[in-house]
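Worksheet: one structure, shown below.
The values are calculated or read from the model by the stated rules, or taken from the named source; none is laboratory data. This is a predicted model, so every value here is computed, not measured. A quick note on method: Cβ atoms are made from the backbone with ideal geometry, for glycine too, and the neighbour counts reach across all protein chains shown.
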């Protein structure tokens, strides 16, 4: 399940953009839970920057679905007539 979540939609390899976004989400979730249960304070500017990183990463990943895929077309060399 996790491999399918982090795979690139074009060629099936691990997408660094998705990996960074997922790790930033995990860090934000950890900060939220630690603040909620253990009263551990995270600097507001650090939390906000991680949230922005998650939002931009999700936006770019979602935009990949709507962009056309550039496939190289094979061109046949013109023969001499």
Discussion item. I'd like to verify a number: residues in segment 1-56 that are touching a helix residue (DSSP H, G or I) at 6+ places or on another chain (Cβ under 7 Å) and outside any helix (DSSP H, G or I), how many?
Written reply: 6
Item to complete: Among the residues of segment 15-39, write down those that are more than 19 Å from residue 63 (Cβ to Cβ) and at pLDDT below 90.
Response: 39
